[in-house]
Every structure is written in structure tokens, then in C-alpha cells.
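Undergrad: This is the structure, below, for whatever I ask next.
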Ligand code: ASP
């Protein structure tokens, strides 16, 4: 039995809905269908979720609200008409939007409810359409399904007892279409996951109903070994482990929401990433374990927007509590760190640059000077992280050498190197301006020869 999740690009217009429907129809084991809100129809277009977010931001401005409801309704109408469904479905969607706007709830509650209506409407339309094709499909709301979450709007976390609730649906008859992206608190309040969170719902449902496979349908044939915007027509990955996918999606592989791996990972449910527009292509399988293979590096990921807090102090290694006090400063200033490679007399703390305003930078530098009396501190901005990922690296000699040679060939200076103790990835910090030539050179070294 499979759980299939369809992303926004797979439901952007009526034609995409028909593709989704035929994928569902073609395989009776696809029993739980999780959907996103309709995404962009073309590059400059807006996602329905963004339209709802805009609408929520304008709740005080009546003229704006009317115009925005109109824009949203046009999108839904086009889909409903394209699928030749009765127009009263559109009337129902409009009513739900108005019910939220006119309710006596506080504004932040209304915004959260509006944000969920993209997915909710998508699920209702798809289940109706599947019915017209003769399938026994039903819309299933996250509340009835038993998806309970914490009361953290916009970043809700699943409450584990949801799994047993979901399991009760496993043997019920028919196909269930569930809107992704939101759940309900135990006292009935709606809360959304982080952006892109329909992947999370799909993974939760797959874990809850103990599916044999979680299929995640998107708009790529499979996961590429490297960002196709940097390397032309790169190779694809057929098999990955959860750990590898986690490392890749951390560092810029946006195919799959990184939080979404956790439920499937814990329940050891294999995940398959597939293309809605080419459902017969193999896709990429993500599994718990794989046989050690020849290919020890499976992908090269990268992301920009990092900075390095470099601290040096003679005899740092003997100073009890130095690291703790340094991390405490960061904690007190609400800064989370990504990596922390260290030497005997120095430490580098890599953080996301977006956390460090100029003001915060001054504050942190002052506190480090005052509280830790280092010999030298420097904050280096505009760094990119390149990660070479592969579980097989653990047992293979010469990976670092191959990588550093590739950087040398690209004439790029490496600022920081870090190999996590899990040995699933090796990370190189370089200046952002050097990113593209580094990636191309690494691709050549690991995938072309
Ligand atoms: N519609 C939501 C978003 O745009 C969730 C999703 O598509 O996965 O973030």
C-alpha cells in the first residue's frame, strides 16, 4: 500500500490534476493521496499559498481583500472548469474563505486558517474529480485523519499519538485524499507546518498507516547529483539513504523538505521521488540502508549565506570551559550554529549569515573579547559551504585528496574543512564567489572520470 504526495507544481492547473488522477487510477495500491496547494503555472506566477498569505496580510483593507479573493477564485475556477466539475465547488471554496475572514477569531488565527485553504481546496477538488472517474475517493481532513500538532503556527510539530490515529484508517475502504501542510492541536486549533510542509504531511501519513512506500511526486525525474543550475545536464541519483538525503537537502537540495524525512526515516518506510509528468521514469529511491557500492560519493550539495566566527587563543585546548562559554554567548544571543571545526588553539563557528545583523556582530565581538579574552577574533562573511555526500566515504581512501585537488584545479582557496564524525559528508567552506567553478570541478572529479 502506498502513500502518494503531489507537490504544488503537480497541481498547478487542470491538466496537471488530470495527470495526478491518472497516476492514482493506474495503481490501486495508491490509497492515501496527500496534496499541496496549486503552485505556479509559469515562472512569474504566484503560488496559491502565497496568494492566501497576502490575503491574510491585508485583512484590514477591504478593497485589497476583495481583489485578492477574486484572484484566488479565478485560479480555482479555471481548474474546476477545466476538470468539468460542478461550479458549486467553487462557491463552497469562496464560502470557506469568507467564513474565515468574517469569523470573530483573532487575526493571527484567521491568517493561519487562510494559509491552509490552498491545500484544503486542492484536496476537495481532487477527490471530486477522482469520483467522476469512478473511483471510490473521499476527502479526509487532517482533523478526522488524526494529525495532531503542537500549537506553533507556521512551524507546528507532530504529536506522536497521531500515528496510532492514522493507523485506524489503514484498512478502511477506498482512497483518501488528505490536504497537506497543516494539522490540529488537541484543542482543535489549526496550525501549519513550515513552508513546503505538505511533504511533512505525506511522510507522517506514510509512517502512520505503515505504508510500504511513500511516493513523493514533484517536477523532476529524479534527484540530481549536483545542482542542475550549475552543471549542465548532470547525472541523476537512483538510490540514496535517508542520511545522505538529509545531508543533501540541508545544503541546498530543495527537492524534498528536510523535516519530512524524519517520520519516514523513523518508521523505515522507503521514499520514492518521482515526476508527475513522467511517472514511468525510475525516480530516486531513499532507503534506510543500501549495500556498499562502488560509488562512494552520491552527490555534491552547496549553499551560500554563511559566515565564520574565527577565534584564536594560545593554549585554548587547556582552558577549561572555553567552548562552553563561547557557545553560551551564542545561545544567549539566539544564534544557532551549523558547524564548529576546531584546532588546538582556535575554533571556527559557522553560522547562517541571516542571523547576524551588523548590530549583533558588534555585540558578539564585544562579548567574546570581554568574556573570553582571545588573542584574535574575526568574522568572515559571504561564505559558501560545499558538501560532498556519501555513506561509502567512511570506508574509502583518498576522497579528501580528490576533493582538494578539484578545488586546486579550480584555483579556489579552501577556508574551512570539516568532516562530521558520521563520515556521511565532508564540508568545505569557500568564498561565495568561488562556488560555481568549485562545484563544476568537483563534479568532474567525482562523476565524470
Ligand atoms: N503550500 C505550502 C507552501 O507553499 C506547502 C507545500 O506546498 O508543501 O509552502
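Throughout, read-outs are computed from the coordinates displayed, never taken from laboratory work. The shown structure was predicted, so the numbers you read here are calculated from the model rather than taken from an experiment. Methodologically, a virtual Cβ is constructed for each residue, glycine included, from the backbone with ideal geometry; neighbour enumeration extends over all protein chains shown.
Undergrad: Helix-only mean residue ellipticity at 222 nm, the chain, DSSP H runs n ≥ 4 weighted -39,500 (n - 2.57), per residue, nearest 500. What is it?
TA: One gets -11500 deg cm²/dmol as the mean residue ellipticity at 222 nm.
Undergrad: Related question: So, by mean Cβ neighbours within 10 angstrom, what's the order for 343-355, 57-69 with the highest one leading?
TA: Most protected by this proxy first, the peptides run 343-355, 57-69.
Undergrad: Please work out how much length the chain gains when fully extended from residue 344 to residue 44, using 0.36 nm per residue of separation minus the C-alpha to C-alpha distance, in nm with one decimal.
TA: Gain on extension, residue 344 to residue 44, equals 102.9 nm.
Undergrad: Could you check what % of the DSSP bridge pairs in the chain are antiparallel, to the nearest 5?
TA: Close to 60 percent.
Undergrad: Over region 326-427, how many percent of alpha carbon pairs lie in each 10 Å bin up to the one with the longest distance?
TA: Taking all Cα pairs of region 326-427, the binned fractions are 12, 39, 30, 17, 2 percent.
Undergrad: Over 12 Å, how big is the tail of the calculated P(r) for region 36-86, in percent of all Cα pairs?
TA: Cα-Cα pairs in region 36-86 separated by more than 12 Å: 66 percent.
Undergrad: Can you check what the Kirkwood hydrodynamic radius comes to for the chain, Cα pairs only, in Å to one decimal?
TA: 23.9 Å
Undergrad: Tell me, how many Å apart are the Cα centres for region 89-154 and for region 42-64?
TA: Going from one Cα centre to the other spans 17 Å.
Undergrad: Rg and Dmax in Å for region 149-211, alpha carbons only: what are they?
TA: 11.5, 33
Undergrad: Here is a further query. How big is region 369-449 by Rg and Dmax over its Cα atoms, in Å?
TA: 14.9, 52
Undergrad: Let me ask another. Rg/Rh for region 188-319 to two decimals, with Rh computed the Kirkwood way over all alpha-carbon pairs.
TA: Across region 188-319, the Cα-based Rg/Rh ratio is 1.08.
Undergrad: Here is a further query. Taking a quarter of the surface of the convex hull around the Cα atoms of region 110-176, what do you get in nm²?
TA: 5.0 nm²
Undergrad: Okay, next question. For a label point 7 Å from the Cα of residue 363 along Cα→C-beta, name the residues of region 321-357 whose backbone N is under 14 Å from it.
TA: 329-336, 355-357
Undergrad: May I have the extent of the alpha carbons of region 293-351 along their three principal axes, as whole Å values ordered from largest to smallest?
TA: Rounded to whole Å, the extents work out to 44, 26, 16 Å.
Undergrad: Separate question: Where is the GNM fluctuation largest for the chain (alpha-carbon springs, 10 angstrom cutoff): 108, 193, 256?
TA: 108
Undergrad: On a full-extension model of 0.36 nm per residue, what is the gain between residue 230 and residue 325, subtracting their alpha-carbon distance, rounded to one decimal in nm?
TA: So the chain would gain 30.2 nm between residue 230 and residue 325.
Undergrad: I'd like to compare 22-33, 201-212: which one has the highest average count of other Cβ atoms within 10 Å, and what's the full order after that?
TA: 201-212, 22-33
Undergrad: What ranking do 265-278, 313-326, 174-187 get when scored by the average of other Cβ atoms within 10 Å per residue, highest first?
TA: Ranking the peptides 265-278, 313-326, 174-187 by packing returns 174-187, 265-278, 313-326.
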